[in-house]
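None of the figures in this text is laboratory data; all of them are computed from the coordinates on show. Computed from a prediction, not measured in an experiment: that's the story for all the values here. Methodologically, a virtual Cβ is constructed for each residue, glycine included, from the backbone with ideal geometry; neighbour enumeration extends over all protein chains shown.
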Amino acid sequence: MTAGGTAAVDPVSDPRATALLFIECQRGVVGDLSVLPALAEAARPALAAMGRLAAGARASGVTVAHLTYLPLAGGRSASQRSPLMRATASTREWSPMHPAYEIVPEVGVGPDDLLLPRHQGISPVHRTEVLAILRNLGTREVVVAGVSTNLAIPAVAIGAADEDFAVTIATDAAVGTPAAHHASMLEHSLAFVARLATVDELLAEWSAA
């Protein structure tokens with residue numbers, strides 16, 4: 001058991017059976033064209049760690065997948081009922097060629113990376129093909145990074161855990177706002193469904209595998 005009373009999770013052991021999931025690390029979310037400026041400001045100090053994690057994963061044979069948001073039909077693919085969707089309604093202008101859709105340069109897109117857009121909803125794994133694709137690749141373990149610990153990261157962690165994937169949160173490559181809430185989510189919520197590990201710890205595990 002961990003200090004918080006949750007069951008310990010086995011460390012990531014096989015990079016070839018691991019996928020690194022970057023959630024919405026797009027210029028229009030955490031970059032210079034963000035529709036959520038406070039989130040982009042909070043993410044700025046973590047971008048370098050995200051980049052190191054991405055580079056280390058690629059070098060170790062970990063599958064890198066970018067879970068992006070790309071509404072279709074002028075935004076009609078996404079419900080506008082939630083306050084978040086209404087606040088980010090300008091994303092209706094995004095297309096695959098729109099600069100806001102691009103992955104931030106600190107993370108980049110490698111030649112073997114997967115780009116898996118969702119077109120509706122808040123969760124990157126609910127009613128999408130993400131987990132099915134990972135299972136078809138032989139993935140057993142997922143490492144989650146990006147944004148945010150407010151909504152999408154818990155949704156991915158719980159969704160993946162419910163589908164019997166081992167889950168790790170890359171704590172210094174994950175972001176939420178405000179900072180106190182982010183820390184609380186890691187310690188008091190995500191620690192119950194996922195292992196918490198730093199970028200340095202993950203890179204060391206992968207290089208030793």
How many percent of Cα pairs in the stretch 15-208 exceed 27 Å?
21
Could you give the dipole magnitude of the stretch 15-208 about its Cα centre, charging the beta-carbon of Lys and Arg +1 and that of Asp and Glu -1, in debye to the nearest 20?
540
